[in-house]
Amino acid sequence: MWTIYDHPTDFPMEFVARKVTVTHMGPIPSDELITGGTLEEVRDQLPPGLWCQPCDPDDDPCIVETWF
């Protein structure tokens, strides 16, 4: 899955998508990420065939959405 962040603290000038692999032992963060100046730039770089899940009200405020 890929979670898109709106200008997180480690990339304050960009949108960032971070890849996380979900396993039976739980989520495993990856070093793989995508950056862009706009949300659309990041979405355009995601792998094809994913579907979007809007963020949950309890998520970190800089999370925009997650793609599975």
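Every number here is computed from the coordinates shown, using simple stated rules; none is lab data. Values in this document were obtained by computation on a predicted structure and should not be read as measured data. So basically every Cβ, Gly included, is an ideal-geometry build from the backbone, and we count neighbours across all protein chains shown.
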Which stretch or stretches of segment 17-52 have amide N atoms under 18 Å from the point lying 7 Å from Cys62's Cα along the Cα→Cβ direction? 17-20, 29-43
Cα principal axis extents for the chain, largest first, Å: 35, 27, 22
Helix-only mean residue ellipticity at 222 nm, the chain, DSSP H runs n ≥ 4 weighted -39,500 (n - 2.57), per residue, nearest 500. What is it? -2500 deg cm²/dmol
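If you put +1 on each Lys and Arg Cβ and -1 on each Asp and Glu Cβ, how big is the dipole of the chain around its Cα centre, in Debye rounded to 20? Could you put the intermediate results ahead of the total?
Numbers: 3 positive and 13 negative charges, 50 e Å.
The dipole of the chain has a size of about 240 debye.
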Using θ = phi - 60° and the Karplus relation 6.51 cos²θ - 1.76 cosθ + 1.60, list the HN-Hα couplings for segment 45-52 in order, rounded to whole Hz, with x at every Gly or Pro. 8, 5, x, x, x, 8, 10, 9
Tell me which residues come under 5 Å, amide H to amide H, from Tyr5 once H is placed; ignore anything under 5 positions away on its chain. Val16, Ala17, Arg18, Val64
